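To keep things clear, I will list the structure first and then write my remarks on it.
The values are calculated or read from the model by the stated rules, or taken from the named source; none is laboratory data. Note that the coordinates shown come from a computational prediction; the quantities given were computed from them, not determined experimentally. Here the Cβ positions follow ideal geometry from the backbone for every residue, glycine too, while neighbour counts run over all protein chains shown.
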Amino acid sequence: MTDRDGRLTIGELSARSGLAPSALRYYEELGLIHSERTSGGQRRYARVALRRVAFVRAAQRVGLSLEEARTAMARLPQDRAPNATEWNAVARTWQRRIDDQIAELEQLKSRLTGCIGCGCLSLRKCRLYNPYDIAGSSGAGARYLLGDDQVEPPARDRG
């Protein structure tokens, strides 16, 4: 039940945000949202916690990790909704991240085009996991999937 200061219980925050109480406790543990405790030890959340939860969910939707969301939220006020200037600064960061993701996906898409119908079924020769077959010199197996750093091929070998 909302207290007289307008603070929400974890159950109310859960119902309004669509997140399970366990997820809210985890968000709190990570510092994404904050609560105060009653004399009986129950959590009470300011209404701004609803916006902060929505912010985290939006961040996840565009592919940011919870850590990245936390970093972004550290630049925003904890006790009120961000103003347009504050939000735009964060949005620009997200836009750059989305642009980077699009570029990565475009590169993956172009590599997959070469793989469709290839039928090689070989990570040793596959252009997707072993471009230019440079990884073969590092040993057996899928070297990049095993954590080896990718080596840039000589300029003359790039396609």
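Below is a table of values for the structure above.
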{"quantity": "Some residue of segment 109-116 being modelled with pLDDT of 80 or more and in a helix (DSSP H, G or I)", "calculated": "yes"}
{"quantity": "Condition met for Y45 (within 19 Å of the chain's Cα centre (by Cα) and not polar (S, T, N, Q))", "calculated": "no"}
{"quantity": "A103 under 25 Å from Y45 (Cα atoms), assigned to a helix (DSSP H, G or I) and among the aliphatic types (A, V, I, L, M)", "calculated": "no"}
{"quantity": "The lone exception for L121 - which of (1) aliphatic (A, V, I, L, M); (2) at pLDDT below 85; (3) assigned to a helix (DSSP H, G or I) it fails", "calculated": "(3)"}
{"quantity": "Helices (runs of 4 or more DSSP H) wholly inside segment 1-70 containing at least 3 residues that are at pLDDT 90 or above, in the same structural domain as D100 (by TED's automatic domain parsing) and closer than 18 Å to V90 by Cα", "calculated": "48-61"}
{"quantity": "Counted residues, segment 71-97 - those being in a loop (DSSP other than H, G, I, E, B) and out of contact with any helix residue (DSSP H, G or I) (no Cβ under 8 Å at 6 or more places or on another chain)", "calculated": "2"}
{"quantity": "Filtered residues of segment 12-33 (kept if surrounded by fewer than 16 Cβ atoms within 10 Å (Cβ to Cβ) and touching a helix residue (DSSP H, G or I) at 6+ places or on another chain (Cβ under 7 Å))", "calculated": "R16, A20, P21, L30, G31"}
